[in-house]
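In what follows, a single structure is set out as structure tokens and then discussed.
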Amino acid sequence: MTAAPTIPGLDNPPLQRREVLDWVAEVAELTTPDRVVWCDGSAEEWTRLTDELVEAGTFTRLDPEKKPNSFHAASDPDDVARVEERTFICSVDPKDAGVTNNWMDPAEMKATMTELYRGCMRGRTMFVIPFCMGPTNAEHPKLGVEISDSPYVVVSMHIMTRMGAQVQERLEEAGSEWVPALHSIGAPLEPGQADVAWPCNETKYISHFPETREIWSFGSGYGGNALLGKKCYSLRIASVMARDEGWLAEHMLILKLISPEDKAYYVAAAFPSACGKTNLAMLQPTIPGWRAETVGDDIAWMRFGDDGRLYAVNPEFGFFGVAPGTNWNTNPNAMRTIEHGNALFTNVALTDDGDVWWEGLEGDPQHLTSWTGDEWTPASAKPAAHPNSRYTVPISQCPVVASEWDDPQGVPISAILFGGRRKTTVPLVTESFDWQHGTFMGATMSSEMTAAAKGGKGQVRRDPMAMLPFLGYNVGDYFQHWVNVGKSADVTKLPSIFYVNWFRRGEDNRFLWPGFGENSRVLKWIIERLEGKAAATETPIGHIPSADQIDLDGISEPMEDIEASLRFDLEEWREELPLIEEWFDKIGDSLPTSMRDELEALKQRLNA
Ligand code: GTP
Ligand code: SPV
Ligand code: MN
């Protein structure tokens, strides 16, 4: 295909890679933008685009004294979260998508979306965004090129991914792997038509083609739907790459813990969306002598190193964190990261003096502009910030970022945590018996749904390894992959697996466990279990600490609550069994027999 010379900018590419140029030309011909801009990730580009976004009314510049180089954006009220119903895994064989994913035939999806894309960038600029997930100096960098007609996406990609000269160089290497990721907000402009602050389309598709490693997104400008390097590439497409190549692409934070003896341990933890990853990743320990540093807050790519240990890399370059609940007490390190500036705030409230505010933040504002642009006072019935409002900020600004966060080698993982948001049943912490049992814990974990996805808030659902919305293939095959990873490894070097729950509640719905910095007590117990130094109590579901087996020194909450948060409850677990059974029946034939065996063994232990 030859470049269409009629579209300004198209014939002026900063790179030579033939497949990229052909693809860009093809998309430009289909979507007919007014111009093409090749993005370079530079500070100049950031300034130009943020100025334009302020001019267009999409961004409000915050007071530079309070938040330097930072901006507020309010989305369309109907474009505030991931749209799981509109997310598709278009494998050739529907079996490869499995029961947990929406499936459509790839040819049919492409035909449908091609018609949606036809002319969809009319009146707009088409941005070409070369990016890299994970360090650009990796042996095999994970490159991508996102095409988007949203300048909000471009500036967000500046924060969330690696961009720039080094990325373009790696992209020029013949045979280097790159994922084409096509995004349009789906809002063409007729000549003379005025734009809106947050253009989008009621029709939305977030489509993945696992065999050809392609992403096609249409209709939404929101983070997970539009920043295609994040969930679409680094989880849905990467999980398929990982299955084929024997590694793991997981929805996990990566945390470095340093003991009073100055020994470093790395922990990875999978919690569903809005269930505490970012908070744990930046935790400020409350127990004396322990320190914590951040490697990643949302995604971990893990592969075995030459020494047989499992090494984790964070593919991202920024945090896309939940704003509500973030404050100087719960997450002081996130607050310091934000204060530094260079941040975007989406769907939070604006103060009258050019700052941002959200529910749970310190201060007692008497007047705000809410995320919907309405006047807000403490008497208002609706929240000032959307429950899924977010901040976007560079990881490098985090005051406790680990020096190795950008190391292509990754960090060796000692423990893997799975956790959900459960009012009942699941104790504060449970240690698995072995890798396969730990895989079973991950495979059967469940959580109350949150505002991070549209619909269903509060409902308990199974969310295996916190990957339910992010898995690019069949969930049964995924469990088998986890089991295989364990079998292929030296057991003495495998991370230990734990199940945690910060969210168990008392009768009046209060949290039984104080959470946040106090979670360091649980981490200490976990590390001491690895070292063979902490005691535990064996129960049918695994090893758990009793109140005297975990460091509770100086904790101010009532001991009955703490004990209730730790407790194994036989009756509650017996009630859980049919729910697990139902989940496994839903998975059907592709469920590994080892997972059925684990369920049988659990049943027997509970009925012994
Ligand atoms: P995503 O970015 O959607 O993947 O979310 P996340 O898993 O990073 O969750 P995050 O750390 O942003 O926390 C989500 C919400 O849970 C916030 O409102 C937090 O204040 C709250 N939260 C986090 N950790 C704890 C905890 O230990 N206890 C309690 N009670 N709430 C917590
Ligand atoms: C999540 O929902 O898990 C997020 C936000 O981290 S998004 O990027 O929208 O997926
Ligand atoms: Mn997440």
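Since every read-out is calculated from the coordinates, none of them should be taken as a lab result. Just so you know, these numbers come straight off a predicted model, no measurement behind them. Using ideal geometry, Cβ is built from the backbone for each residue, glycine included, and neighbour counts are taken over all protein chains shown.
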Completion exercise
Ratio for region 396-476, C-alpha Rg to 2.2 N^0.38 Å, reads 1.35
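Would you mind working out the magnitude of the charge dipole of region 21-101 relative to its Cα centre, with +1 at each Lys and Arg C-beta and -1 at each Asp and Glu C-beta, to the nearest 20 Debye?
Values: 8 positive and 19 negative charges, 65 e Å.
The calculated dipole for region 21-101 is roughly 320 debye.
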Fill in the blank from the handout: Percent antiparallel among DSSP beta bridges confined to region 178-220, nearest 5, equals 55
Practice task
Please work out whether region 351-453 counts as rounded, prolate or oblate from its C-alpha gyration tensor, where a ≥ b ≥ c are the square roots of the eigenvalues and a/c under 1.5 means rounded, while otherwise a/b larger than b/c means prolate and anything else oblate?
Solution key: oblate
Fill in the blank from the handout: At the level of C-alpha centres, the distance separating region 234-253 and region 185-217, in angstrom, is 26
Fill in the blank from the handout: Dividing the helical contributions, -39500 (n - 2.57) per DSSP H run of n ≥ 4, by the residues of the chain yields a 222 nm value, nearest 500 deg cm²/dmol, of -8000 deg cm²/dmol
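Roughly speaking, what is the stretch gain from residue 579 to residue 46, that is 0.36 nm per residue apart minus the C-alpha to C-alpha distance, in nm to one decimal? Walk me through the numbers before you get to the answer.
Details: separation 533, 0.36 × 533 = 191.88 nm, distance 4.93 nm.
That pair, residue 579 and residue 46, stretches by 186.9 nm at full extension.
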Exercise for the section: Mind running the shape call on region 374-430? Use the C-alpha gyration tensor, a ≥ b ≥ c as the square roots of the eigenvalues: rounded below 1.5 for a/c, prolate if a/b tops b/c, oblate otherwise. Expected result: oblate
Handout entry: Whole-Å semi-axes of the ellipsoid equivalent to the chain (Cα gyration tensor, √5λ, descending)
Key = 39, 28, 23
Handout entry: Distance histogram in 5 Å bins (all Cα pairs of region 30-79, percent per bin)
Key = 5, 16, 18, 22, 20, 14, 4, 1, 1
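When all alpha-carbon pairs of region 210-356 are counted, what percent fall beyond 22 Å?
Values: 5242 of 10731 pairs.
Counting every Cα pair in region 210-356, those more than 22 Å apart make up 49 percent.
Give me Rg/Rg_expected for region 170-225, where Rg uses Cα atoms only and Rg_expected = 2.2 N^0.38 Å with N residues. Walk me through the intermediate numbers first.
On the way: Rg = 15.0 Å, N = 56, 2.2 N^0.38 = 10.2 Å.
Cα-based Rg divided by the globular estimate yields 1.48.
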Fill in the blank from the handout: At the level of C-alpha centres, the distance separating region 88-103 and region 263-311, in angstrom, is 31
Practice task
Could you pull out which residues in region 375-401 have an amide N less than 13 Å from a spot 7 Å beyond the Cα of residue 352, following the Cα-Cβ vector?
Solution key: 375-378
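Starting from the Kirkwood radius over alpha-carbon pairs of region 137-278, derive D by Stokes-Einstein at 10 °C in a medium of 1.306 mPa s and give it in µm² s⁻¹.
Details: Rh = 17.4 Å.
Translational D for this selection: 92 µm²/s.
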Handout entry: Rounded to 5, the percent of DSSP beta bridges in region 1-150 classed as antiparallel
Key = 60
Completion exercise
Residues whose modelled amide H sits under 5 Å from the amide H of residue 41, counting only those 5 or more places away in sequence or on another chain, are none
Problem - region 74-213 - Rg and Dmax from Cα coordinates, angstrom - result: 16.6, 49
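Where does the charge balance sit around residue 399 when Lys and Arg score +1, Asp and Glu -1, over other residues with C-beta under 10 Å from its C-beta?
Working: positive: 336; negative: 293, 339.
Around residue 399, the charge tally is -1.
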Completion exercise
Cα-Cα longer than 30 Å, checked against 66/382; 67/230; 230/603; 66/524; 95/457; 256/586, kept in input order, equals 230/603; 66/524; 256/586
Problem - Sequence-distant residues sharing a close amide H with residue 134 (under 5 Å, placed H) - result: 162, 316
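R0 = 30 Å: FRET efficiency of residue 424 with residue 114, Cβ-based, nearest 0.05? Don't skip to the answer; put the middle values down first.
Working: r = 48 Å, r/R0 = 1.60.
Calculated value: 0.05.
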Handout entry: Centre separation in Å (Cα based) which lies between region 406-459 and region 530-608
Key = 13
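Using Cα pairs closer than 8 Å and at least 6 residues apart in sequence, work out the relative contact order for region 117-237, in percent.
Values: 237 pairs, mean separation 31.5, N = 121.
The value is 26 percent.
Quick one: if the Förster radius is 51 Å, what FRET efficiency do residue 262 and residue 189 give, using the C-beta to C-beta distance and rounding to 0.05? Walk me through the numbers on the way to the answer.
Details: r = 59 Å, r/R0 = 1.16.
FRET efficiency, residue 262 to residue 189: 0.30.
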Problem - Options 318, 304, 331, ranked by Cα towards positive dipole end of region 302-352, top entry (Cβ charges) - result: 304
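Let a ≥ b ≥ c be the square roots of the eigenvalues of the Cα gyration tensor of region 518-608; is it rounded (a/c under 1.5), or, if not, prolate (a/b larger than b/c) or oblate?
Prolate.
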Problem - Length-normalised contact order of the chain in % [C-alpha pairs under 8 Å, at least 6 apart] - result: 14
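In the chain, what % of DSSP beta bridges are antiparallel (nearest 5)? Can you show the working numbers first?
Numbers: 62 of 95 bridges.
For the chain, the DSSP antiparallel bridge percentage is about 65.
Provide the FRET efficiency to the nearest 0.05 for the residue 608-residue 557 pair, computing r from the beta carbons and using R0 = 30 Å. Before the final figure, lay out the partial values.
Details: r = 33 Å, r/R0 = 1.10.
The computed FRET efficiency comes out at 0.35.
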